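To start, the structure itself, in structure tokens.
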Amino acid sequence: MLKRFSVVCLSVAALLVTPTLWAADEGDELILRGPYLQSVTESSIHIVWRTRGQIDPVVRYGTKVRSMKELSSEENVQLRISNDVEGMSKPQLHIETPAEREKREKKRQKDPTGDKNVFQYEVKLTGLAPDTKYYYRLYDGDTAITKKNKALHFVTMPPFGADASARIWVVGDSGTGGRDQKQVYEAMLDYVDDTKKPLDMYLHVGDMAYSDGANYEFDKGFFNVYGDTLRNVTVWPSMGNHEGKTSRGTTATGPYYDAYVLPTKGEAGGVPSGTEAYYSFDYGRIHFVCLDSHDLDRKSTGPMATWLREDLNQADADWLIAFWHHPPYTKGSHDSDKEGQLIEMRQEIMPIMEEGGVDIVLTGHSHIYERSMLVDGAYATPTIAEGVILDDGDGNPAGDGAYRKSAGLNPHEGTVQIVAGHGGAGVRRKGTMPIMREIIVEHGSVILDVEGDTLIGHMVNKKGAVRDVFSIEKKGKVVVKRVENPWQPEPMKNEK
Ligand SMILES: [Fe+2]
């Protein structure tokens, strides 16, 4: 039977010729990608997966693994399918016309198993209770296609404004599918186990599918590697330049935009952006903002900055965390004194962010870990430390002490910049960025824990060692002072 699905038809040539993909359960070859979680809110979530050949998609879910009595609604299923394009070298997006769809359905009636297209199902579950753990299971009609076990579960967001704690995993420039990436992932899993606090979300700061962001590269460098986490933890992505080789922010099309279901209408909090290329969301008392630094207008007068100003004006939160791909400050494998996209993110976007009271900016692109002192107003090119450092200590509660800011979101009280481009691709340093407190040329990732008025960050390297600890405390009213002759990082050997 023809279902009343809204159908977007797309070409996934690479997927059609690359069958070695991750499945939810061992031996289950029907599922090519996923399941994974998208756009969780306090009352809804999208569960996404791909199959080869069409199924009748149903998600059963409930708060107990033994009795998943709730059923997804047919109206809440979005279907995207690949076109029959085996052999095409470049995937091309293609909207299926009603005539094409009718032809496909006729073919399917004659030969129900003959349709080997790739189908992506995006099933939205609604009416969920906030801050609640649900188990889920995927079905083709009445037939289960995943096992009944505790491995598939999700937790809805806490109610907006609730004083909830959050554990956030941050990764950048990871998408090689190689050994370093896997070690970084395993080190995070061990750290989470050891500290006995599960992740609440996963932020990816771009370059998740080397080298062209093609569908098969997403599987190899992202979905296959992180599958165990992605089925339980929502990932909020930002697009890197490598995804930008096959996806476009201007039209929000391509394999990156096919893979992700992101808010456009303020569904998860914040001001509607009208595009999946940049968006915001709330988690308890934290406001998150994601930008596209790659292929959209980065000017302070452009549409993205105009939306950003409005979004930050309306943000009602204690914390503001922003993320995108191109770092405003770096001397890793890229140089923010010399490269246009990076200079623009610093000169055009950072003043808006700091006016909005941003606490942390998370980026990648530069394959290194760099973490700044408490900084404000460093918009000049080249970047200098004089006059822009509000606290030149190490920010470590066990060292110089946490960075201090006033309670709530207040303009220009200092930002910690983190370049986390060390998630898997080869790491490199080409100089010394004078606002940085830690410069570490090792693979790793960042775990941020927000608990009430305190945020603490840990950088865990691929061997599982904690290589950096910093903290921000937001209490009472803090008077901002600028440090004269601030502490400076060690230059590299032979650095001019
Ligand atoms: Fe990049």
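The values are calculated or read from the model by the stated rules, or taken from the named source; none is laboratory data. All values derive from a computational prediction rather than experimental measurement. Note that we place each Cβ from the backbone using ideal geometry, even for glycine, and neighbour counts take in every protein chain shown.
The table for this structure:
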| read-out | value |
| --- | --- |
| Counted residues, region 180-209 - those being part of a loop (DSSP other than H, G, I, E, B) and of a type outside the set (A, V, I, L, M, F, W, C) | 6 |
| Residue that is more than 25 Å from Asp173 (Cα to Cα), of a type in the set (A, V, I, L, M) and crowded, with 24+ Cβ neighbours inside 10 Å, where the choices are Ile389, Ile384, Ile349 | Ile389 |
| Hits in region 373-422 (condition: of a type in the set (S, T, N, Q) and out of contact with any Lys or Arg (no Cβ under 6 Å at 6 or more places or on another chain)) | Thr381, Thr383, Asn396, Asn410, Thr415, Gln417 |
| Candidate set from region 353-374 (those that are more than 22 Å from Glu473 (Cα to Cα) and not hydroxyl-bearing (Ser, Thr, Tyr)); member that is surrounded by the fewest Cβ atoms within 10 Å (Cβ to Cβ) | His367 |
| Single residue of Asp335, Asp292, Asp316, Asp297 found to be more than 20 Å from Leu409 (Cβ to Cβ), surrounded by fewer than 19 Cβ atoms within 10 Å (Cβ to Cβ) and either in contact (Cβ under 8 Å) with a residue 24 or more places away in the chain or not assigned by TED's automatic domain parsing to the domain that holds Ile440 (or both) | Asp335 |
| Residue match in region 470-480 (condition: small (Gly, Ala, Ser) and over 25 Å from the mean Cα position of the chain (by Cα)) | yes |
| Evaluation of Asn215 against (1) within 16 Å of the ligand (Cβ to nearest atom); (2) modelled with pLDDT under 95 (one fails), failing number | (1) |
| Unique residue being over 21 Å from the mean Cα position of the chain (by Cα) and β-branched (Val, Ile, Thr) when the list is Ile343, Ile349 | Ile343 |
| Residue pairs meeting the criteria (Cβ under 9 Å; at least 6 apart or on separate chains; first over 21 Å from Arg467 (Cα atoms), in region 363-391; second among the hydroxyl-bearing types (Ser, Thr, Tyr) and within 15 Å of the ligand (Cβ to nearest atom)) | Thr381/Ser336; Pro382/Ser336; Thr383/Ser336 |
| Residue within region 170-179 that is basic (Lys, Arg), within 27 Å of Gly206 (Cβ to Cβ), surrounded by fewer than 20 Cβ atoms within 10 Å (Cβ to Cβ) and without any contact (Cβ under 8 Å) to a residue 24 or more places away in the chain present | yes |
| Of residues in region 327-376 being farther than 23 Å from Ala407 by Cβ and part of a strand (DSSP E or B), the one nearest to the ligand (Cβ to nearest atom) | Thr363 |
| Selected residue (criterion: surrounded by the most Cβ atoms within 10 Å (Cβ to Cβ)) from residues of region 414-428 that are outside any loop (DSSP other than H, G, I, E, B) and within 13 Å of the ligand (Cβ to nearest atom) | Val419 |
| Considering residues of region 271-285 that are over 15 Å from the mean Cα position of the chain (by Cα) and surrounded by fewer than 24 Cβ atoms within 10 Å (Cβ to Cβ) only, the residue farthest from Pro328 (Cα to Cα) | Gly284 |
